[in-house]
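One structure below.
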Amino acid sequence: MTLSVTGGDLQRLRRLNALAALSALRAGGPATLTQLAERADLARATIKVVVKDLMELGWVVQMDPSGGEKGRPARRYRFHAETGRVLGLDIGAHKVLVVVADLDGNVLHTTREPVTPEQPRAERLAAVDRAVDACLTGSGTAASDVWLAVAGSTGYVDLQGRVVLSRAIQDWSDVPLADHLGDRLHCPVLVENDSRLAALAECRRGIARDARNLIFLHVGRRAGAAVVLDGVPLRGSGGAAGEIGVHPLFNLGHVGELLQAVPSVEPGTPPEAVAGAVFEAARQGDVEARRAVLRYVKVLALATTAMALTVDPDLVVLGGGFSRSADVLMEPLRVELETMCLRTPELRASVLGDECVAIGAVCHGVEHLAKVLFDPEIDLSVAAPPSSLMV
């Protein structure tokens, strides 16, 4: 029997080989043709053709020869991550943080713009625009080079990326954020809850890279949470998973108020600096400050326990702005969890600080583009980059 191979079969085979080579380069870094053939489990002759095609399409570039080798050094190739840009935004109550990264998620530039919870919507969107423009200018990036923007917003964000409810920011519920950014950048825009993006950042780039199931505590003057199961932030049926803070029993939206009115804090201390002053006083042994920290931790522990008893995580990550004071918060939080949890999860402090949301936005964007561009089952006509760069 003769097996016939159609043109469509050959085209799909070439695409699968190209995707295997790209995946190997992205996962393992630069490689020679021989190394890449081994990683992708393809014949060297096949890899040679595939790499030539990928270089013509702009996905792969040849590296400069490395010195110090006898004879002619073997040619090495790498994924051309600079061919596109991903924009990550963190739109919080007190700051707008924007980062621009390449297609491997390497951050190239960061811009921060201060805001207040009381600002009208138009002023906050104007601050977002200024931060985006400054970040693009600072990194030498044209708006046309941005293939995808991902914005993390405080509040309940549904599966369609709509900010349904925001209690931390006035005049922010139902903001047309994706439309606003899309009109400015002329690229696809994803909007996600900030705590879920922060949790993703810890899993991909932070302290939780070895954990599959975790609870992320996004602690600051207002606190939020996210749940990660099997390495993926849980969104739920409508995007409300992890929004335990809206329950009046926990009231995480106002938990930061428990850190007020400590006598050792100087009168006139700016509101944004009060918590830090309380933590510092507790660090120095101030009794009233330690009591305030314990009040804060008890509420945080109660909400954490409710989630921990539901999903039984390996790990709880303390992240967000207050994670800089983990030396003050971690031990009392651990003690409280031990009194309430059937199985107390390990507790770790974030290493990403208040940049976790923006970094998570970049991670989300890179993974989304990988699904669109490098999945053989996805229709490439819906992908973000110019068609001339399609594999």
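The values are calculated or read from the model by the stated rules, or taken from the named source; none is laboratory data. A quick note: this is a predicted structure, and the numbers were derived from the prediction, not measured. So basically every Cβ, Gly included, is an ideal-geometry build from the backbone, and we count neighbours across all protein chains shown. Accessible surface is based on the protein model in full, side chains and every heavy atom, while ligands, DNA and RNA are left aside. Shrake-Rupley method; radii C 1.70, N 1.55, O 1.52, S 1.80 Å.
In table form, for the structure just shown:
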read-out	value
Lys/Arg +1, Asp/Glu -1 at C-beta; the chain dipole; positive extreme among Trp172, Gln260, Ala101	Ala101
Accessible carbon and sulfur surface of region 123-190 relative to its total accessible area, %, 1.4 Å	49 percent
Relative contact order of the chain, defined on C-alpha pairs under 8 angstrom at six or more residues apart (%)	15 percent
Convex hull of region 269-370 built on C-alpha atoms - directionally averaged projected area, nm²	8.0 nm²
Region 160-203: translational diffusion in µm²/s, Stokes-Einstein, Kirkwood Rh over Cα pairs, 4 °C, 1.567 mPa s	111 µm²/s
Within-14-Å neighbourhood charge of Leu57 [Cβ basis; K, R +1; D, E -1]	+1
All-pairs alpha carbon distance profile, region 197-274, 5 Å steps from 0, percent	3, 14, 20, 16, 15, 13, 9, 6, 3, 0
Approximate spin-label separation Ala143-Thr269, in nm, with each point projected 7 Å along Cα-to-Cβ	4.3 nm
Kirkwood estimate for region 96-239, i.e. one over the average of 1/r between Cα atoms, Å	16.1 Å
Integer Hz, Karplus 6.51/-1.76/1.60 couplings in order for region 119-126, x for Gly and Pro	4, x, 3, 4, 5, 5, 5, 5
Cα-based equivalent ellipsoid, region 305-346: semi-axes from gyration tensor eigenvalues, Å	19, 12, 7
Residue-normalised accessible area of region 222-344, given per residue in Å² at a 1.4 Å probe	48 Å²
Radius 13 Å from Cβ of Gly84, net charge of other residues (Lys, Arg +1; Asp, Glu -1)	-3
Cα-projected label distance for Met63 with Asp179, points at 7 Å along beta-carbon direction, nm	4.7 nm
0 to 90° range, to nearest 10: angle between helix 287-311 axis and the chain longest Cα axis	50 degrees
For region 26-145, the spread of Cα positions along each principal axis, largest first, Å	64, 29, 22
Rg and Dmax of the chain, Cα atoms only, in Å	24.0, 90
Cβ-derived FRET efficiency at R0 35 Å, Arg44 paired with Asp129, nearest 0.05	0.10
Rounded to whole Hz, the Karplus (6.51, -1.76, 1.60) HN-Hα couplings of region 94-102, x for glycine and proline	10, 7, 10, 10, 10, 10, 10, 9, 7
Relative packing of 321-331, 239-249, which averages over residues the other C-beta atoms within 10 Å, highest first	321-331, 239-249
Considering only the chain, percent of DSSP beta bridges that pair antiparallel, nearest 5	55 percent
Net charge, Ser237 excluded, C-beta distance under 13 Å - Lys, Arg +1, Asp, Glu -1	-1
Sorted peptide list for 175-182, 95-102, 266-273, criterion being average Cβ within 10 angstrom, highest first	95-102, 175-182, 266-273
Assigned charges on the beta-carbon of Lys, Arg, Asp, Glu; the chain dipole about Cα centre (debye)	1000 debye
Degrees, to the nearest 10: 44-57 long Cα axis against longest axis of the chain	70 degrees
Largest-first ellipsoid semi-axes for region 211-330, taking √(5λ) over the Cα gyration tensor eigenvalues, angstrom	29, 14, 12
Solvent-accessible heavy-atom area per residue, rounded to whole Å², over region 115-202 at 1.4 Å	38 Å²
Computed label-point distance, nm, for sites Ala27 and Leu10 using a 7 Å Cα→Cβ extension	2.9 nm
Percentage relative contact order, region 231-357, counting C-alpha pairs under 8 Å, at least six apart	22 percent
Percent carbon-and-sulfur accessible area, region 213-277, ignoring ligands, DNA and RNA, probe 1.4 Å	59 percent
Between 0 and 90°, nearest 10: helix 194-204 axis offset from the chain longest Cα axis	60 degrees
Highest-first arrangement of 119-131, 151-163, where packing means the average Cβ count within 10 Å	151-163, 119-131
For Val164, residues with placed amide H under 5 Å, excluding near neighbours	Tyr156, Val157, Asp158, Asp174
Distance cut-off 18 Å, percentage of C-alpha pairs in region 97-177 lying past it	47 percent
Residue (of Tyr77, Phe279, Val293) at the positive-pole extreme of the chain, dipole from beta-carbon charges	Tyr77
